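Undergrad: Encoded as structure tokens, here's the structure I'll be asking about.
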Amino acid sequence: MLEGKAVIGETDMLQTMQQDALDLAAKALDFFDVTEATEIAQFIKKEFDRVYGPGWQCIVGTDFGSFVTHCYGCFIHFCVGSLAILLFRGSTGQEVRKMMGTFHL
């Protein structure tokens with residue numbers, strides 16, 4: 001596991017959902033090495049799909065850019081040590097917000 005506290009960059013999630021994301025990231029980092037970004041992303045995505053319904057996307061890495069459309073209230077970007085995690089529920093419907101960013105650590 002990476003040592004250190006998660007630092008939230010941007011989010012529009014409710015506090016409880018944010019905490020679930022941080023807890024799942026910590027759990028994923030207990031199971032997987034920091035170099036296993038795809039496995040970490042898959043773990044977090046599958047758990048959010050199970051708990052909050054399908055349509056979640058998760059990107060994990062140390063340097064990536066993004067331009068995503070997401071459902072309102074379903075976006076978080078945070079870092080744990082040198083690892084950045086972007087989690088959002090994609091949408092093409094009415095309740096969407098576009099976020100653009102390049103996340104460098």
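The values are calculated or read from the model by the stated rules, or taken from the named source; none is laboratory data. Note that the structure is a prediction, hence the values are computed from the model and not measured. No Cβ is skipped: glycine too gets one built from the backbone with ideal geometry, and neighbour counts run over all protein chains shown.
Undergrad: Restricting the range 32-50 to residues that are in a helix (DSSP H, G or I) and touching a helix residue (DSSP H, G or I) at 6+ places or on another chain (Cβ under 7 Å), which is farthest from L83 (Cα to Cα)? Quick ask: steps written out before the conclusion?
TA: Of all residues in the range 32-50, those in a helix (DSSP H, G or I) come to 37-50.
Cutting the leftovers down to touching a helix residue (DSSP H, G or I) at 6+ places or on another chain (Cβ under 7 Å) gives us 40, 43-44, 47.
Working: I40: 11, F43: 15, I44: 14, E47: 19 Å.
Checked the range 32-50; the qualifying residue farthest from L83 (Cα to Cα) is E47.
Undergrad: Filtering the range 56-87 down to residues that are touching a Gly at 6+ places or on another chain (Cβ under 9 Å) and aromatic (F, W, Y), which residue is modelled with the lowest pLDDT?
TA: Within the range 56-87, the match that is modelled with the lowest pLDDT is F67.
Undergrad: Being of a type in the set (A, V, I, L, M, F, W, C) and either outside any strand (DSSP E or B) or under 8 Å from the mean Cα position of the chain (by Cα) (or both) is the filter; apply it to the range 74-83 and report the residue that is nearest to A26 (Cα to Cα).
TA: Restricting attention to the range 74-83, the residues satisfying the condition of being of a type in the set (A, V, I, L, M, F, W, C) are 74-76, 78-80, 83.
Filter again for either outside any strand (DSSP E or B) or under 8 Å from the mean Cα position of the chain (by Cα) (or both), leaving 75-76, 78.
Numbers: F75: 18, I76: 15, F78: 12 Å.
Selected residue: F78.
Undergrad: A further question on this structure: For E36, all conditions in the list (1) more than 12 Å from the chain's Cα centre (by Cα); (2) at pLDDT below 95 hold save one; what is the number of the exception?
TA: Just one mismatch for E36, condition (2).
Undergrad: With F31, F75 as the choices, which residue is among the hydrophobic types (A, V, I, L, M, F, W, C) and exposed (fewer than 14 other Cβ atoms within 10 Å of the Cβ)?
TA: Numbers: F75 fails: exposed (fewer than 14 other Cβ atoms within 10 Å of the Cβ).
Matching residue, one of F31, F75: F31.
Undergrad: Moving on to the next point. Looking only at the range 2-31, count every residue that is aliphatic (A, V, I, L, M), closer than 21 Å to T69 by Cα and not in a loop (DSSP other than H, G, I, E, B) and tell me the total. Show your work before the answer.
TA: Let us first name the residues in the range 2-31 that are aliphatic (A, V, I, L, M), namely 2, 6-8, 13-14, 17, 21-22, 24-26, 28-29.
Within this subset, residues satisfying the condition of being closer than 21 Å to T69 by Cα are 8, 13-14, 17, 21.
Restricting the remaining residues to those that are not in a loop (DSSP other than H, G, I, E, B) gives 8, 17, 21.
Residues flagged as aliphatic (A, V, I, L, M), closer than 21 Å to T69 by Cα and not in a loop (DSSP other than H, G, I, E, B) within the range 2-31 amount to 3.
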